[in-house]
Amino acid sequence: MVNKYYDLVTSFYEFGWGESFHFAPRWKGESLKESIKRHEHFLALQLGLKPGHKVLDVGCGIGGPLREIARFSSTSVTGINNNEYQITRGKELNRIAGVEKTCNFVKADFMKMAFPDSTFDAIYAIEATCHAPDAYGCYKEIYRVLKPGQYFAAYEWCMTDSFDPNNSEHQKIKAEIEIGDGLPDIRLTGQCLEALKQAGFEIIWEKDLAVGSPLPWYLPLDTSHFSLSSFRLTSVGRFITRNMVKGLEFVGLAPKGSQRVQDFLERAAEGLVEGGRKEIFTPMYFFLARKPLSERQ
């Protein structure tokens, strides 16, 4: 399901969002692009990346963060992705950016990676492991390929403690996000932490970075907000895109079903905005976890 989803939506994501398919907390006066880069640099700093480190990006998309983090930290980054279309696009963007010697892609399912045990000096995941059907299984596999004593950091999509499973409106918002973003059941923050501990990780620190952000993370998707720098994401920009896609599909220049993809992405955006406003959902539950030097530690 996830693979088919990304076949359909990758071009839409890149057109509207750029090469990095994720949200970020944002300061006043900071552009969306600047906030996204800072969010990626924050991960690199938390992981303590050093030149020569071998790093894994779990669920790397088309590699926007991978390229940014590799250039920022002078490391070699491998991106794992199960979607052939995204890997092909990512390789082309690596070539254009001139990082093809230090950045590469591996097509694989992150629930069962082909890497030997203790391969990587650091591992991160940006809004990707929420696609895993089983958090424990995913984190256990990441634990396996990480070197002892090293760190795993992630931004997770989660329902917050404010989410009420008995509230029908909350359930509707959650379902809109799941359907529109190709997700299984969205986990609570506490469930992610418990899965990490069961996998063997030591939690260094964790925080929902959406809390206290000067500008809300969902601002680019909020149709009541107008921004020239993110014009394609505004209500006017979406209207133009919708009609352009409709016209291109009609004359055969866009694949059949493109308009339908646009429609369900818009519904997903509505769910994300409402989830953010009600503070029942976050796309940036951050944690830094360490693999002990020995199993007994």
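The values are calculated or read from the model by the stated rules, or taken from the named source; none is laboratory data. Predicted model only: the values in this text are computed from it and were never measured. Quick note on the areas: whole protein, heavy atoms, side chains included, nothing else; ligands and nucleic acids left out. Shrake-Rupley method; radii C 1.70, N 1.55, O 1.52, S 1.80 Å.
Here the range 82-199 has 51 percent of its accessible surface on carbon and sulfur atoms, given a 1.4 Å probe and all protein chains in place. Rounded to whole numbers, the Karplus 3J(HN,Hα) couplings from phi for the range 57-62 are 9, 8, x, 7, x, 9 Hz, using 6.51 cos²θ - 1.76 cosθ + 1.60 with θ = phi - 60°, and x at Gly and Pro.
Distant-in-sequence amide contacts of residue 105, defined by a placed amide H-H separation under 5 Å and a gap of 5 or more residues or a different chain, comprise 79.
For each pair in 172/291; 28/278; 33/291; 33/112; 28/291; 174/291, compute the distance between the two Cα atoms and list the pairs where it is over 28 Å. From 172/291; 28/278; 33/291; 33/112; 28/291; 174/291, over 28 Å: 172/291; 33/291; 33/112; 28/291; 174/291.
Couplings 3J(HN,Hα) for the range 275-284, derived from phi with the Karplus relation 6.51 cos²θ - 1.76 cosθ + 1.60 (θ = phi - 60°), are x, x, 4, 7, 6, 9, 9, 9, x, 9 Hz, where x marks Gly and Pro. Straight-line reach from residue 207: taking Cα to Cα under 18 Å and skipping same-chain neighbours fewer than 8 places apart, the aspartates and glutamates in range are 40, 127, 156, 161, 194, 279. In the context of the full set of protein chains, residues of the range 12-72 present 41 Å² of accessible surface per residue (probe radius 1.4 Å, heavy atoms only). Strictly greater than 17 Å: what percent of every Cα pair in the range 1-123 meets that? Of all Cα-Cα pairs in the range 1-123, 57 percent lie more than 17 Å apart. Each residue of the range 90-106 is assigned a 3J(HN,Hα), and the resulting list reads x, 4, 5, 5, 4, 5, 4, 7, x, 10, 5, 7, 10, 10, 9, 10, 10 Hz, derived from the Karplus form 6.51 cos²θ - 1.76 cosθ + 1.60 (θ = phi - 60°), x at Gly and Pro.
For the range 76-188, the solvent-accessible area of protein heavy atoms averages 42 Å² per residue (probe radius 1.4 Å; ligands and nucleic acids excluded). Plainly put, the range 47-188 has a radius of gyration that is 1.02 times its Kirkwood radius, both from alpha-carbon atoms, as the Rg/Rh ratio. Taking amide H as placed 1.01 Å from N in the peptide plane, the amide H of residue 150 sits under 5 Å from that of 291, each at least 5 places away or on another chain.
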